[in-house]
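Here's the structure, in structure tokens; my notes come after.
The values are calculated or read from the model by the stated rules, or taken from the named source; none is laboratory data. Just so you know, these numbers come straight off a predicted model, no measurement behind them. Quick reminder, even Gly has a Cβ in these numbers, built from the backbone with ideal geometry, and neighbours come from all protein chains shown. These accessible areas exclude ligands, DNA and RNA; they are computed on the full protein's heavy atoms, side chains included. Shrake-Rupley method; radii C 1.70, N 1.55, O 1.52, S 1.80 Å.
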Amino acid sequence: MKIKSLTTYTVPPRWLFLRIETDDGVVGWGEPVLEGRAASVAAAVEELSDYLIGQDPNQIEDLWTVMYRSGFYRGGGIHMSALAGIDQALWDIKGKALGVPAYELLGGRVRDRIKIYSWIGGDRPSETAKAAREVVDRGFTAVKMNGTEELQYLDSWEKVDQSLANVAAVRDAVGPNIGIGVDFHGRVHKPMAKVLLRELEPFRLMFVEEPVLSEHVDGFVDVLRQSPIPIALGERLYSRWDFKSVLASGAVDIIQPDPSHCGGLTESRKIANMAEAYDVALALHCPLGPIALATCLQIDAGCYNATIQEQSLGIHYNTSNDLLDYLVDPSVFTYADGQVRIPTGPGLGIEVNEEYVVERAAEGHRWRNPVWRHQDGSFAEW
Ligand SMILES: [Mg+2]
């Protein structure tokens with residue numbers, strides 16, 4: 001079997017799908033995307049295809065190694081997202097060719113379902129508590145919200161109080177037994193992160209995510225280690241080598257690699273295994289589409305430390321299309337009791353509706369982050 005073609009599709013709301021076909025007619029799908037940089041990742045996939053055409057798709061480890069190491073320069077969001085989507089499609093091909101799900105090829109599964117959480121907003125707090133109640137009524141047992149609006153290096157106690165009131169309203173709305181994750185979203189700088197982490201202690205949070213950006217963890221280790229709130233981060237780290245110092249710091253309790261940003265199933269699984277050695281939990285990042293989620297679930301199936309899974313159904317970014325739109329059989333992601341079952345079909349376990357992908361790719365997207373500003377006119381992290 002040889003790789004014959006790689007085709008990318010830019011599809012709404014903000015995704016990029018990759019279709020790899022072999023000379024045997026086996027088709028695998030991947031989702032190589034960095035949100036807001038879809039065209040750049042598509043170009044990187046196209047560049048990597050020079051080597052891939054004509055290669056045996058079964059030699060995933062070797063292809064990964066060549067794609068990672070052979071360009072001399074390596075790493076970062078664009079390269080590792082391109083590699084991620086290609087890797088996902090290769091696992092899909094291999095599983096389909098052998099008639100088994102990818103997790104079977106990786107030693108089988110340690111669970112047949114995993115807890116999921118739903119995003120409830122929080123950028124603009126007024127509706128957050130109501131959204132929390134609604135998703136709990138739909139069966140979710142965990143939610144995630146943004147912790148603050150724009151926040152300056154040194155901001156006011158009024159802003160801190162607003163943030164606390166927002167979290168308190170959500171806790172009030174859902175009761176004591178629902179998990180609440182609070183995402184600082186890289187919006188909070190060290191001086192205020194210190195304050196907020198302490199003030200949020202009474203709310204019995206499931207975790208605080210990106211309390212500071214990953215690149216600032218080294219200067220913040222003491223605070224993070226001492227916080228009684230579990231600390232999560234990792235969506236902006238792209239490889240084993242990026243995670244190495246974060247894990248060794250002892251500052252992080254939950255890592256959140258994104259299998260569409262950090263080298264696919266192959267690399268994310270290795271990162272998860274590294275984390276297990278530090279007694280750190282895995283909560284794969286996935287505000288993306290169905291192929292990314294399917295990949296996550298193949299990893300969750302076999303990683304003992306996988307603890308909860310992000311998913312994007314109804315997330316506020318999905319305005320034009322949602323998670324299930326591109327699937328032949330959307331029931332593969334049926335949620336029950338706050339959990340999702342690991343799909344057991346061959347490859348990544350889903351069937352992509354190719355006709356619909358082609359139709360929506362004709363429209364495409366130019367999704368970009370909003371650009372926020374502080375009251376003094378300076379740029380504010382979103
Ligand atoms: Mg986040």
Item to check | Whole-percent carbon and sulfur share, accessible surface of the chain, 1.4 Å | outcome: 48 percent
Checklist entry - Which whole-number percentage describes the relative contact order of the range 199-248, with Cα contacts under 8 Å and a sequence gap of 6 or more? => result 44 percent
Checklist entry - How many angstrom lie between the C-alpha centres of the range 76-147 and the range 10-48? => result 18 Å
Checklist outcome for this item: About its Cα centre, the chain carries a charge dipole, from +1 on Lys and Arg Cβ atoms and -1 on Asp and Glu Cβ atoms, whose size in debye to the nearest 20 is 460 debye
Item to check | Gain upon complete extension [W157, Y278; 0.36 nm per residue less C-alpha separation] | outcome: 39.9 nm
Item to check | Selection from I178, Y153, G95, by position along the positive dipole direction of the range 91-191 (Cβ) | outcome: G95
Checklist entry - Quick one: net charge of D279's neighbours, Cβ under 14 Å, K/R +1, D/E -1? => result -1
Next on the checklist: So if I average 1/r over every pair of distinct C-alpha atoms in the range 19-105 and take the inverse, what Kirkwood radius in Å does that give?
Outcome noted: 13.2 Å
Checklist entry - Around P57, what is the net charge, scoring Lys/Arg as +1 and Asp/Glu as -1 over all other residues with Cβ under 15 Å from its Cβ? => result -3
Checklist entry - Quick one: what does P(r) look like for the range 135-211 with 10 Å bins over all Cα pairs, in whole %? => result 19, 54, 23, 4
Checklist outcome for this item: Taking the reciprocal of mean 1/r across every pair of different Cα atoms in the range 277-334, the Kirkwood radius in Å is 12.4 Å
Checklist outcome for this item: With a ≥ b ≥ c from the Cα gyration tensor eigenvalues, square-rooted, and the rule rounded for a/c under 1.5, otherwise prolate when a/b > b/c and oblate otherwise, the range 236-349 is prolate
Checklist outcome for this item: Longest principal axis of the chain (C-alpha) makes with the long axis of helix 190-199 (C-alpha) an angle, in degrees to the nearest 10, of 70 degrees
Checklist outcome for this item: Yeah, the range 139-267 with a ≥ b ≥ c from its alpha-carbon gyration tensor (a/c under 1.5 is rounded, else prolate when a/b outruns b/c, oblate otherwise) is oblate
Checklist outcome for this item: Percent antiparallel among DSSP beta bridges confined to the chain, rounded to 5, stands at 50 percent
Checklist entry - Measuring from a point 7 Å past the Cα of S5 along Cα-to-C-beta, which residues in the range 31-65 have an amide N at less than 18 Å? => result 43, 45-55, 57
Checklist entry - Of S249, V352, S331, whose Cα points farthest to the positive end of the dipole of the chain (charges on the beta-carbon: +1 Lys, Arg; -1 Asp, Glu; origin at the Cα centre)? => result S249
Checklist entry - How far, in degrees from 0 to 90, does helix 77-98 lean away from the longest principal axis of the Cα atoms of the chain, to the nearest 10? => result 50 degrees
Checklist entry - Taking all pairs of different Cα atoms in the range 104-348, averaging 1/r and flipping that mean, what Kirkwood radius in angstroms comes out? => result 18.3 Å
Checklist entry - Around Y9, with a cut-off of 12 angstrom between Cβ atoms, what is the net charge of the other residues, counting Lys and Arg +1 and Asp and Glu -1? => result -3
Checklist outcome for this item: In this structure, the FRET efficiency calculated for S378 and A248 from their beta-carbon separation, with R0 = 30 Å, to the nearest 0.05, is 0.30
Item to check | Over 22 Å between alpha carbons, listed pairs K144/K270; K144/K194; K159/K190; K244/K270; K115/K194 | outcome: K144/K270; K115/K194
Checklist entry - What percent of all Cα-Cα pairs in the range 253-298 falls in each 5 Å bin, counting up from 0? => result 5, 26, 34, 22, 10, 3, 0
Next on the checklist: Relative contact order of the chain, please, whole-number percent, based on alpha carbon pairs below 8 angstrom and at least 6 residues apart.
Outcome noted: 22 percent
Checklist outcome for this item: Charge dipole of the range 198-310 built from unit charges on the beta carbon (Lys, Arg +1; Asp, Glu -1), centred at mean Cα; most positive-end Cα among L293, P211, P230 is L293
